[in-house]
Every structure is written in C-alpha cells, then in structure tokens.
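Notes follow the structure.
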Amino acid sequence: MLNDEISLAEPPDVSGDPLVRDPGIVNLSPFLGPIYPPSWRGRYPHLMPVDLAIWNRFMDKYAADFVGFQYDVTVGEGAKAPEGASDADKYLLWSLTVKRIDCLGIRKDRVIVFEVKPRLGMAAIGQMVSYYVLWLRQYGRPPAVQVATVCEQSEPDLEFVAAQLGFLVIVV
C-alpha cells in the first residue's frame, strides 16, 4: 500500500544525537519543526479533534514503517500584509494564510505528505495538489516525495483521480 518501488538514500543515523530530548523528539530540521519518533503518541500539532482518531488508527497500523513524523509543516508564502502594517499584524496574517501540511512522514526511502480527513473528497484532492506544488516550489524535489490522504471513508471516483495524480489514499 505504501508503494516500495521508490528508493531514497539511507537517512542519517541520529542515535546519540545531542538534539534528542524527551519524549524522544529530534529536531534536525528547524525549518520544518521537530521530528517525532514513530513510537510517540500525544497531542499532534495541527490535527483537529475529528482527525485524531483517524490518525491514531493509521499510527497503530503503519507507524513502524517510518523513521519519524513532522506535524504542522508550513508551505507557501501566505498573504502579504499591507504597507505600514505592524510586525505583529504581518505575522498574524502570515500565520493565518500560510498553508499547513497535517503531517510529513519520513521513511528510509521517501517523504510522504499526509492530509488527514474523515472522508476523501474533492477538497482533499485539491489540498494534496496544492501541498505538492507548494512543497516543490519551497523545498525543491527530494529524491522521493509522495502525497497521501488518510481517511476513514472514500469513494471509487476520487480514488481513481488520486491514483491518476500519483497520490495515495489510505483508508483506516
């Protein structure tokens, strides 16, 4: 299901890294946020309460397939404040309009951009397209990046559309 045909260089060994701190969070990527180990469970940044049960089911089933996870990863520029706006207003406008990826799953062979939704819908497909395009513009193309929706309900038409775009649909 998580398509093993794409390969990526082995990730760096982070065991013994001085940035490892309780509860096992590694911060190797300050621009994207801390990397949470697959065993970590807690309040996932950015996930809405309706999404938590879905994500927990995914984690129970697939977390061991990953090196780590990053949450609330920003992509895009957000809206620009009008001339003369205070720094606080500029930041507020940016924080409200920048796009936020629910989760970035880090595997040995690829990075997966996850959107968590109760139901796969056209809005989720649009979000996946947007995140992918903004990711490529902002961070460049890593050797292997995939986009996926984790949901509890799906429908054949939209699974077909997702597959045509190269996106994964994971129903849990």
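Derivation of every value follows stated rules applied to the coordinates shown; laboratory data play no part. Here the structure is a predicted model, which is why all the values come from computation and not from measurement. All Cβ positions, even for glycine, are placed from backbone atoms using ideal geometry, and neighbour counts span all protein chains on display.
Observations on the model:
- Under the combined filter of DSSP loop state and at most 10 neighbouring Cβ atoms within 10 Å, segment 59-152 retains these GluC sites (Glu not before Pro): Glu83.
- Note on Glu77 and Ala123: their simple-model spin labels are 2.7 nm apart, each label 7 Å out from Cα toward Cβ.
- Ordering Thr74, Thr97, Thr149 from the fewest to the most neighbouring beta carbons within 10 Å gives Thr97, Thr74, Thr149.
- Value of relative contact order over segment 49-171, rounded to a whole percent, pairs C-alpha under 8 Å and six or more apart: 24
- In plain terms, the residue of Ile35, Ile125 with the fewest other Cβ atoms within 10 Å comes first and the most crowded comes last, giving Ile125, Ile35.
- For segment 49-171, the Kirkwood hydrodynamic radius comes to 15.5 Å, computed from all pairs of different C-alpha atoms.
- For Val147, distant residues with modelled amide H under 5 Å away: Val113, Leu168
- The distance between label points at Glu155 and Met48 comes to 1.8 nm (points 7 Å beyond Cα on the Cα→Cβ vector).
- Count Lys and Arg as plus one, Asp and Glu as minus one, and take only other residues whose Cβ is under 11 Å from that of Ala162; the net charge is then -4.
- Residues listed by number, segment 96-111, amide nitrogen under 20 Å from Asn56 label point at 7 Å toward C-beta: 102-104
- Loop-located trypsin sites (Lys or Arg not before Pro) across segment 80-129 with a Cβ neighbour count of 13 or fewer within 10 Å are Lys80, Lys108, with loop assigned by DSSP.
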